[in-house]
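What follows is one structure encoded as structure tokens, with my remarks underneath.
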């Protein structure tokens, strides 16, 4: 059977059946980060992201920005769980023809971003490969009280995003700032029920929250902030690679956030009961179903 | 400049210059694992290994054994530092044509080995890729007193290996048992000054110990145990992928180890001053220089 028949998420579900972990694993595969025991007050967050030339970046793009992105996507996963990044390992798959200078530029891009966020790059591995491949694994820490996952959204919650969406492929995906500070600000001052970073697209990533939390949602077309590079509503809904935070807070906290958030956080809809499905309210007031479409590898 | 001009180790040296880590990083890149602060009595060990089809395994090999190997090489790195493996992340680069059944077999091979060593596979990532690529990152723990690195071999130490060498490519590289129990046995009962796992070959990996410890060594040709699959002395010295432990202990502990080690540990030479170089004593008593040759990616 080919992967495309069941898709990436179908495959992940099938593989998850094999896993048997011990009690120190608070959350295994299925969220932005795995969560494991650390000390009395904190959990450890673990995540990894593989980028491949021709899939996630092209040979012509600025190598420093490629390196930057390889690290930034994992930082964004740590942010989605409200964590603080601490350590990273970097595996490089290198075609024999790639120049030392290019590798150094990729590496410089990574290390600059690492320093900006207090992250330590502590090791790595190299292998020959047909296409340039960068796999970053990252370890973060989060106070138990401040861990946010996808699974606790409640009917009545207001849904927010941390910035305009759409058109990321036209540049932002190489330069986005992982929303680590914003996530820490949110969990320091507000109750955040569920959070995810938008990598595959608003529709698909919100769907992950709805599935994990067993709830429904309605989004308001007019309230979804579109970036300058955004082509249309569909691009904002499913273009992907925005790497903004998508999160839900109870109504009381939503009001507080609107007044204290310095205009950085956009309310776009609210969480409903599961039976109401996943809907978009158009400018004309009519509601249509949203299909959880977005970027798919297979 | 092409990578082959400076080699993998030359490239690693160049990249290391960019890294600036904080005080929690006890050892950054350059050993089998990175070592970072954990709690009062223990360190955390971090390592990753990337395997690529056509480089580290072939498309025809048993997928369960491929998965097994992908995990085993990182377990071997944890063993080399005398650690206990705890968590792993797995990134898969998948060609669209690879079947779900093959991926499941790879995954089953990983999970079986993980369970045998109390390792939790807690998450991962998937990407499209031209060649099947498996990157495993692993976290282990080690008591501060029992951490062993490459850098503390002393003149007079006896050099040991944990099993016969050579010919691994003819089968053992897919089925080897990571020497976790052996490493824990060694550091529970003996003083181990330096340790590494043999991945690139005895000559090259011992050279890493000599460089890190600033010492020399002499090996006795007749004492180097050759596996049944081993073709010749050169194969034992530089075939690579043996994944046995290579370690040095002071003479007093060497005698203890020989009597309590149940014949599992083979003394093969001793550590000398740096000025004496890296030599092999032949059966005829003549000494020749050993070149630190072994497997090289570039």
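On the basis of the beta-carbon distance and an R0 of 22 Å, residue A:260 and residue A:39 show a calculated FRET efficiency of 0.10. Sorted shortest first, the separations between the residue A:58 label point and its copies elsewhere in the assembly read 3.7 nm; each point sits 7 Å from Cα along the Cα-to-Cβ line. Protection proxy ranking of B:101-108, B:154-161, by the mean of other Cβ atoms within 10 Å over each peptide's residues and highest first, is B:154-161, B:101-108. Determine which residues of the stretch A:78-100 fall in the zone a paramagnetic label at residue B:55 would reach in this model, i.e. backbone nitrogen under 12 Å from the point 7 Å along Cα→Cβ. Answer for the stretch A:78-100: A:91-98.
Each label point was placed 7 Å from the Cα along the Cα-to-Cβ direction; for residue B:116 and residue A:115 their separation is 4.5 nm.
Hey, what angle do you get for helix B:180-189 against the long axis of chain B, alpha-carbon based, 0 to 90 degrees rounded to 10? Relative to chain B, helix B:180-189 is tipped by roughly 40 degrees. Over chain B, with a Gaussian network built from C-alpha contacts below 10 Å, which listed residue (B:12, B:66, B:134) shows the highest mean-square fluctuation? It is B:12.
Comparing mean-square fluctuations of B:34, B:97, B:203 from a GNM of chain B with C-alpha springs under 10 Å, the top value falls on B:97. Using only Cα atoms, locate the centre of the stretch A:65-108 and the centre of the stretch A:257-273, then give the distance between them in Å, rounded to an integer. Centre-to-centre (Cα) distance: 31 Å. For residue A:229, the distances from its label point to the matching points in the remaining copies are 4.9 nm, ordered from shortest, with each point set 7 Å beyond Cα toward Cβ. Helix A:100-116 axis versus longest C-alpha principal axis of chain A: approximately 40°, rounded to the nearest ten. P(r) tail, the stretch B:3-145: Cα-Cα pairs separated by more than 24 Å, 39% of all pairs. One compactness figure for the stretch B:98-202 is 1.35, namely its Cα radius of gyration divided by 2.2 N^0.38 Å. Compared with the dominant principal axis of the Cα atoms in chain B, helix B:3-16 is inclined by about 90°. Shape analysis of the stretch B:19-102 places it in the prolate category; the axes a ≥ b ≥ c from the Cα gyration tensor give an a/c of at least 1.5, with a/b above b/c.
Residues in the stretch B:160-192 near a label at residue B:231, defined as backbone nitrogen under 18 Å from the 7 Å Cα→Cβ point? Those under the cut-off are B:165-174. Each copy carries residue B:283; placing its label point 7 Å along the C-beta direction from Cα gives inter-copy distances of 9.0 nm, listed from smallest up.
Springs between alpha-carbon pairs under 10 angstrom, Gaussian network model over chain B: which of B:56, B:242, B:32 fluctuates most? The residue with the greatest mean-square fluctuation here is B:56.
Read-outs throughout are calculated quantities, based only on the coordinates presented, and are distinct from any laboratory measurement. In this text, all values refer to a predicted model and were calculated from it rather than measured experimentally. Note that we place each Cβ from the backbone using ideal geometry, even for glycine, and neighbour counts take in every protein chain shown.
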